[in-house]
Amino acid sequence: MIRRKSLVAAAAAVLMISACASGSETSGGSDDTLSLNGDRADFVEAYEAVGAELQEITGYGIDPRNVPSTENYQQVIRSSLQSNSATDLVKWWSGYRLQDLARSGGLVNLDAEWEAAVDNGWVNPDTAPSFSYDGHVYAMPMYKSYWVIFYNKKIYDDLGLSVPTTWDEFIGNAQAIKDAGITPFFATQEAGWTSFIWFGEILSKLDPQFYTDLMNGEASYTDEPARQAMQIWADMYAKGFFTSPDTAWDDEPALLKSGEVAMVPMGTWRNAIFTENGMTDDDYGAFVMPTITPDVAPSVIIESGVFAVPEKAPNKDAAVEALGEWLNPDVQEVWVDEINDISANPEVPIENPVLTSVTEQVQQSEPLELERYWEASPPALVEGNVKDLATFMVQPSPDNIDATLQKMQERADEEWAKWEQG
């Protein structure tokens, strides 16, 4: 049975967070600026720069605010949408996370702005489901990040390794790197959400159709493909391929740069951090992880943050107008230059050589584009399962696979039932 993307009421406001949602986190702004709430401190300068371009076009700039904790940020936004403390714009996530907000009635319909962008050739119309609920668009894409493996070129060159095109080559490279006394892969559960990364990457390269079915509630976590993916992950742990699960998430860029870690799985949005750390395309590159068996269709996981307008935004009409111009090439060229990632507007050129190589790989292989795990199922299901995967990373034994998957499926049964009752 196909799962309906119907709605459940938004989570109740969290009083403690709501009480703190003032000052830098809530509404307010001058007559010619739009207040924007986000959870990415590294985007603040980019918001200001692109706001200057938007002001030239619409008369409105951007006044960004930041909540440093992703968990707290989600609570702040859910609470503010039900009150008068909403900002004019909010940064959020696509997929089911956007649906979760839209079904609460707290977001403005952006159908007209989306259709205008499609007519202008500023966005791929096939991506609309990621930004929609119940057939209507409620957000505009911030970027289009491909999930890839970033790798240290010096390590590859020193060991005479080539970019892998098969799974055997991928694992062979990892073993050669391990034999050289270097940790092949970065992996951590320290940041919470990061524990889904390897599970999602392995499963999508093992069986992309099963991955899609599982994300939509049409398959079970106890089915054989999920178990096989966990077994592959456990085998990689047994070979000593990963960093310790409590490795600090913020240490990742420095570890890749220093050569203490050879490869990092991450969305192309992480590219900005590497360049800010002084790395160039002479130091690192990126490739899409190969499929696990040759007969499997190639796939790549896609991520896109979004901008939405709260129904209670103090400058709602101006915010809608600004999002109508968000994908304008003049705006996007400033934006992607600042964030060092790929625009959702296919007309906007890419200057960074690492990103250029990724898009060339994608164009050549024409992979299936899959929604990232974080956005691909109801939020409560994903967040609970992420904790189970984090626990598995601490003791990644084959003996723990069945119990972990059974627990994840029990949660899936419960959360899908809640989602459909909405």
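The values are calculated or read from the model by the stated rules, or taken from the named source; none is laboratory data. A quick note: this is a predicted structure, and the numbers were derived from the prediction, not measured. Methodologically, a virtual Cβ is constructed for each residue, glycine included, from the backbone with ideal geometry; neighbour enumeration extends over all protein chains shown.
Listed values, structure above:
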item	result
Subset of region 262-289 that is charged (D, E, K, R) and part of a helix (DSSP H, G or I) - its residue that is farthest from Tyr373 (Cα to Cα)	Glu276
Pair list, Cβ under 9 Å, 6 or more apart: region 143-163 residue buried (at least 18 other Cβ atoms within 10 Å of the Cβ), other residue in a loop (DSSP other than H, G, I, E, B) and among the basic types (Lys, Arg)	Ser145/Arg372; Trp147/Arg372
Candidates Trp92, Trp114 - the one that is without any contact (Cβ under 8 Å) to a residue 40 or more places away in the chain, hydrophobic (A, V, I, L, M, F, W, C) and in contact with a strand residue (DSSP E or B) (Cβ under 6 Å, 6 or more places away or on another chain)	Trp114
Pair list, Cβ < 6 Å and 6+ apart or interchain, from region 390-402 residues that are within 10 Å of Gln189 (Cα to Cα) to residues that are outside any helix (DSSP H, G or I)	Ala390/Gln189; Met393/Gln189; Met393/Pro245; Val394/Pro245
Those helices (runs of 4 or more DSSP H) lying entirely in region 304-394 with at least 2 residues among the small types (Gly, Ala, Ser)	316-324, 353-365, 379-394
Condition broken by Ile177, with the remaining ones in (1) buried (at least 20 other Cβ atoms within 10 Å of the Cβ); (2) over 17 Å from the mean Cα position of the chain (by Cα); (3) without any contact (Cβ under 8 Å) to a residue 60 or more places away in the chain satisfied	(3)
Checklist (1) surrounded by fewer than 23 Cβ atoms within 10 Å (Cβ to Cβ); (2) within 16 Å of Ala344 (Cβ to Cβ) applied to Trp114, failing item	(1)
Only listed residue being polar (S, T, N, Q), under 25 Å from Trp249 (Cα atoms), out of contact with any Leu (no Cβ under 6 Å at 6 or more places or on another chain) and in the same structural domain as Glu333 (by TED's automatic domain parsing), chosen from Gln55, Gln74, Gln82, Gln99	Gln74
Test for Phe196: is it modelled with pLDDT of 95 or more, farther than 30 Å from Gln409 by Cα and not in a loop (DSSP other than H, G, I, E, B)	no
Residue identified as more than 30 Å from Val261 (Cβ to Cβ), polar (S, T, N, Q) and in contact with a helix residue (DSSP H, G or I) (Cβ under 6 Å, 6 or more places away or on another chain) among Asn340, Asn277, Asn345, Asn328	Asn345
